[in-house]
Amino acid sequence: MAAPVARLPSGDVIAVDLGPGEGPGEQPLGADEARRRIAEAIGGATGRIRLVDPETHEVLQDDAPLLRREVSVVLLSLDPEAERLAEAAVLRALGAGAMEDLAGHTLLRLNHSQLPSLPESFGELEELEAVFLDHNQLASLPESFGRLTALVALSADANRLAALPEGFGRLSALQTLGLRANRLARLPESFGQLAALQSLALCGNELAGLPESFGRLAALQDLRLDHNRLAGLPGSFGQLASLQFMRLDHNLLAGLPASFGQLSALQALVLDHNCLTSLPESFGQLAELRLLRLDSNQIAGLPNSFGQLEALQVLDLQCNRLGSVPDSLGRLTELRVLKLDCWPSWRSRLRRYLRALRAWSARVCCHSC
């Protein structure tokens, strides 16, 4: 079993006794005590030390036990001045293209650094596991970026990215990707090769479509594509069998693929503010769906299968073109919240259909997409 270590922003590793004793009854060391021991070992201030799980990249809270002695602890900062100097050293190395000065780094945090670009040699940092580049001025990523095959987490929100390199799909270990608020108009066909990807945020871009390979993201659980220009989804979309949460609101979707009902793990779906006129008959196969927002579309009727959504608890159908109360609503026995454009003559029928309903609102709404 490997000895626990603390990894400094410089990439240097120091040995610190962070593990519990070997005897019976020995309690695991808490993160708060681990921070104290690290501070003592390096002469830093405990209050400026943050411990990060190397697998999830989440900050460990003070009461979190370090259950495994082999856990590595990433030290994010010693004090404000040390943090500033460490970041300045990284920026100097990037500016000079001196990747050898950054060898061994597993984490780079360069948010708000006014970076206009990354050198082509950036791909030489093959040990990187997490990169944070939010709020810079990046218009592109180097072609060599696909060589970062150990990368698990990448965030480059609020930049000026218009495209991704064709080799982006070679990031085979990538699990979390955030590219919010950029200028992406398309994704490379290789994007579907990101087989380990679990969380993807592409909201606030200019995407008009998705590559057919998108359906190969079999591990994807959380997908945010809201506030784009999507007019349609690829036929392969239904292959995203692990998907649990999805936002597609504020796009230009006129329809959904027939395969949509194959998203068998989906629990929450947000589709408001699109141009949908109908739903596919397969929609009723979304057996795990609990929350559904379809408000502000042009839906004139619901498929017969809609009543099969037996797990549905929250449904918003406001601002559509429904001419009457859909009969299928009467079969949604778990429904707790319903929002629906409603004429007074519908009220008695709704109450008869939805005896289990705890809260519902009705209002007249005029809408055009």
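Quick rundown of the values:
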item: Highest to lowest packing among 138-144, 296-302, scored as the average C-beta count within 10 Å; result: 296-302, 138-144
item: Estimated distance in nm for a label pair at Ala258 and Glu334, the labels positioned 7 Å out from Cα along Cα-to-Cβ; result: 2.8
item: Where N is the number of residues in the range 79-209, Cα Rg divided by 2.2 N^0.38 Å; result: 1.01
item: Computed E for Cys275/Asn111 - FRET, C-beta separation, R0 35 angstrom, nearest 0.05; result: 0.45
item: Between the range 190-207 and the range 143-173, the Cα center-to-center distance that results, in Å; result: 10
item: Zero-based 10 Å bins, Cα pair distances in the range 141-263, whole percents; result: 14, 49, 33, 4
item: Diffusion coefficient, µm² s⁻¹, Stokes-Einstein with Kirkwood Rh over alpha-carbon pairs of the range 227-339 at 20 °C and 1.002 mPa s; result: 154
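Any read-out appearing in this document is the output of simple, stated calculations on the displayed coordinates, not a laboratory observation. The structure displayed is predicted, hence computed values, not measured ones. Note that each Cβ is placed from the backbone with ideal geometry, even for glycine, and that neighbours are counted across all protein chains shown.
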